[in-house]
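Computed from the coordinates by the stated procedures, all read-outs in this text should not be read as laboratory data. Owing to the predicted nature of the structure, the values given are computational and were not obtained by experimental measurement. Note: ideal-geometry Cβ built from the backbone for every residue, glycine included; neighbour counts use all protein chains shown.
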Protein chains: 2
Amino acid sequence: MTQAPPAAALHPFDHALALEPAGTHRYLGHTSQDYWNMIGPFGGMTAATLLQAALCHPERLGDPIALTVNFAGPIAEGPFEIEARPSRTNRSTQHWHLALRQDGEVTTTGSAVFAVRRQTWGTGEAVMPDVPPADTLPGMGGFAPVRWLGRYDMRAVRGGKPAAAAGTEHPDSLTQFWLRDAPARTPDYSAVAAWCDAFYPRIFLKRAGFVPAGTVSLTTHFHADAATLAALAGQYVLGSAQAQVFRQGFFDQSAQIWSAAGELLATSHQIVYYKE
Amino acid sequence: MTQAPPAAALHPFDHALALEPAGTHRYLGHTSQDYWNMIGPFGGMTAATLLQAALCHPERLGDPIALTVNFAGPIAEGPFEIEARPSRTNRSTQHWHLALRQDGEVTTTGSAVFAVRRQTWGTGEAVMPDVPPADTLPGMGGFAPVRWLGRYDMRAVRGGKPAAAAGTEHPDSLTQFWLRDAPARTPDYSAVAAWCDAFYPRIFLKRAGFVPAGTVSLTTHFHADAATLAALAGQYVLGSAQAQVFRQGFFDQSAQIWSAAGELLATSHQIVYYKE
């Protein structure tokens with residue numbers, strides 16, 4: 001047994017993820033100012049924390065395959081309760097019901113599928129974009145009031161912070177950046193869940209400026225096993241995100257997360273509310 | 001008031017969708033042989049029926065924006081009970097918890113987000129593939145024991161039933177086909193939910209043959225309003241589906257559904273179990 005490190009050594013992500021068991025299928029957590037967005041927590045941190053409740057549950061089977069998180073209402077600064085309940089456990093798969101509540105009110109709902117991965121025939125069909133290495137690119141400019149951006153080291157390949165005149169329609173909404181936690185942290189499934197939401201809303205790029213927008217529903221599919229994630233250690237991963245359609249107050253946003261070695265670690269799809 | 005048509009005139013899809021209220025947030029349904037797969041119902045029909053329970057719920061607000069369905073266990077031929085419960089209702093959005101049970105056991109879980117759509121700035125970014133019209137293409141060959149395929153008229157543009165020698169690795173897993181219900185039916189959100197799962201598993205194409213496979217989790221984002229769907233009447237829509245990665249027993253499959261006029265009606269993403 002090694003002694004637990006002092007609290008000061010805890011990575012901000014692990015601090016934000018921390019959950020205290022509070023009865024059957026229930027955990028208590030607290031929002032983190034380190035991962036604060038503008039008027040609530042960074043949605044990726046909320047997704048990661050919901051997943052973490054299933055990951056640390058004593059009945060957990062296997063590793064995450066799919067995670068859906070629905071952002072139903074605002075989360076205030078302060079404590080919250082997560083319900084993580086297995087809906088059904090099979091021989092090699094497990095289905096989870098997830099909910100986050102504050103003062104008894106549901107703010108976030110979700111589901112996850114876990115499974116025991118096994119070696120099979122496999123192949124990648126999508127090909128990692130050919131991009132310059134992270135260390136040749138400058139850090140991506142932040143959006144001033146958004147604190148969680150400081151918890152990531154982003155190196156934009158294309159589609160960084162919108163630079164064109166506001167209101168100019170950009171031909172595409174594609175952002176590609178190298179990404180790692182800041183400070184660097186060996187990733188796990190929770191980290192990947194957060195990464196998948198680390199792209200600013202595609203409408204900011206498409207419209208070259210700020211538009212009120214917020215994720216409504218986020219689904220992530222995990223394609224890497226735990227050993228693959230652990231072997232990444234503090235390396236950058238490549239993130240890519242693009243929208244397909246903006247219509248009647250909602251747009252979609254699909255993301256890919258690649259290892260530097262070209263392995264597709266996760267794909268993620270969200271639908272986002274916008275007001276314009 | 002017009003008289004209800006005789007039961008014989010009911011479209012098989014409407015017959016399969018039929019739900020009987022059975023108390024607060026509960027509905028009774030029955031599997032349909034018209035939409036039978038090999039050892040259970042067509043997953044698209046299950047997704048459509050879960051969505052239908054929210055659509056016909058007296059507390060429903062707005063129209064579907066997102067639907068996630070997790071296939072947790074087998075569904076046997078016979079009756080089932082659906083729970084469709086609003087988790088949270090806001091001014092213009094509503095979140096749903098969905099579950100399908102047989103004999104008290106959860107076979108399927110899900111969630112949906114509904115919202116009131118409104119006119120905003122909008123644009124399509126993805127472009128509909130340039131393909132020949134449906135009426136110039138032959139009907140797509142079916143897979144003999146799969147009954148639900150008879151309930152769709154599919155005209156393959158590319159990636160129809162695998163023709164190469166089994167075990168040959170196909171360079172891509174892209175299928176494009178024109179699709180409509182058979183007999184033709186004016187679509188609604190439930191129809192779109194089913195269409196998004198109408199693509200045979202991508203691994204059949206990639207590996208040029210049958211591989212045991214089944215959808216684990218399916219998420220659909222709806223981009224069209226009800227009037228747009230109704231105006232399609234009996235027209236074909238163009239469906240497109242492709243995988244990005246096959247690894248350790250799971251592959252992903254992303255689909256797009258386009259109107260013939262080039263409007264992206266829905267995008268859908270699933271993760272599929274395979275044994276190979």
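What's log10 of I(q)/I(0) for segment B:1-110 at q = 0.12, 0.20, 0.23 Å⁻¹, Debye sum over Cα points only, no solvent?
-0.42, -1.07, -1.31
Between 0 and 90 degrees, rounded to the nearest ten: what's the tilt of helix B:43-55 against the longest Cα principal axis of chain B?
So the helix axis and the longest Cα principal axis differ by about 20 degrees.
Most mobile of B:84, B:165, B:16 per a Gaussian network model of chain B (Cα springs, under 10 Å)?
B:165
Please report Rg over Rh for segment A:97-154, where both radii come from the alpha carbon positions and Rh follows the Kirkwood definition.
1.15
P(r) of chain A in 5 Å steps, Cα pairs, percent per bin?
1, 6, 12, 17, 19, 18, 14, 8, 4, 1, 0, 0
Provide, as a two-decimal number, the C-alpha radius of gyration of the protein assembly as shown over 2.2 N^0.38 Å, N being how many residues it has.
With N residues counted in the protein assembly as shown, Rg over 2.2 N^0.38 Å equals 0.93.
Could you pull the copy-to-copy label distances for residue B:129, with points set 7 Å along Cα to Cβ, in nm to one decimal and sorted shortest first?
Ordered by increasing distance: 2.3 nm.
Short version: ³J(HN,Hα) in whole Hz for each residue of segment A:176-188, in order, from phi by Karplus 6.51 cos²θ - 1.76 cosθ + 1.60 (θ = phi - 60°), x for Gly and Pro, what are they?
Each residue of segment A:176-188 in turn: 10, 8, 7, 9, 8, 5, 10, x, 4, 8, 5, x, 9 Hz.
Report the charge-dipole magnitude of chain B in Debye, nearest 20, computed about the Cα centre from +1 at each Lys and Arg Cβ and -1 at each Asp and Glu Cβ.
280
Which lysines, if any, have their Cα less than 24 Å from the Cα of residue B:275, not counting same-chain residues under 8 positions apart?
Leaving aside lysines fewer than 8 places away in the same chain, those within reach of residue B:275 are B:161, B:206.
How much mean residue ellipticity at 222 nm does chain B get from its helices, if each DSSP H run of length 4 or more adds -39500 (n - 2.57) and you divide by all residues, to the nearest 500 deg cm²/dmol?
Mean residue ellipticity, 222 nm, calculated: -3500 deg cm²/dmol.
Rounded, prolate or oblate, given the Cα gyration tensor of segment B:15-63, with a/c below 1.5 counting as rounded?
prolate
How do A:38, B:45 line up, fewest other C-beta atoms within 10 Å first?
On the way: A:38 12, B:45 27.
With the sparsest Cβ surroundings first, the list reads A:38, B:45.
Work out Dmax and Rg for segment A:60-208 from the C-alpha atoms and quote the Rg first, both in angstrom.
When restricted to the Cα atoms of segment A:60-208, Rg and Dmax are 18.9, 56 Å.
Could you give the alpha-carbon Rg of segment B:140-257 over 2.2 N^0.38 Å, rounded to two decimals?
Its radius of gyration relative to the 2.2 N^0.38 Å reference: 1.08.
So what's the gap between the Cα centers of segment B:21-86 and segment A:138-187, to the nearest angstrom?
With segment B:21-86 and segment A:138-187 each reduced to a Cα centre, they are spaced 40 Å.
Among B:196, B:56, which comes first, second and so on when ranked by fewest other beta-carbon atoms within 10 Å?
B:56, B:196
Note the distances from residue A:275 to each other copy's matching label point, with points 7 Å along the Cα-to-beta-carbon direction, in nm, sorted shortest first.
5.2
If N is the number of residues in segment A:73-113, what value comes out of its Cα radius of gyration divided by 2.2 N^0.38 Å?
Its radius of gyration relative to the 2.2 N^0.38 Å reference: 1.37.
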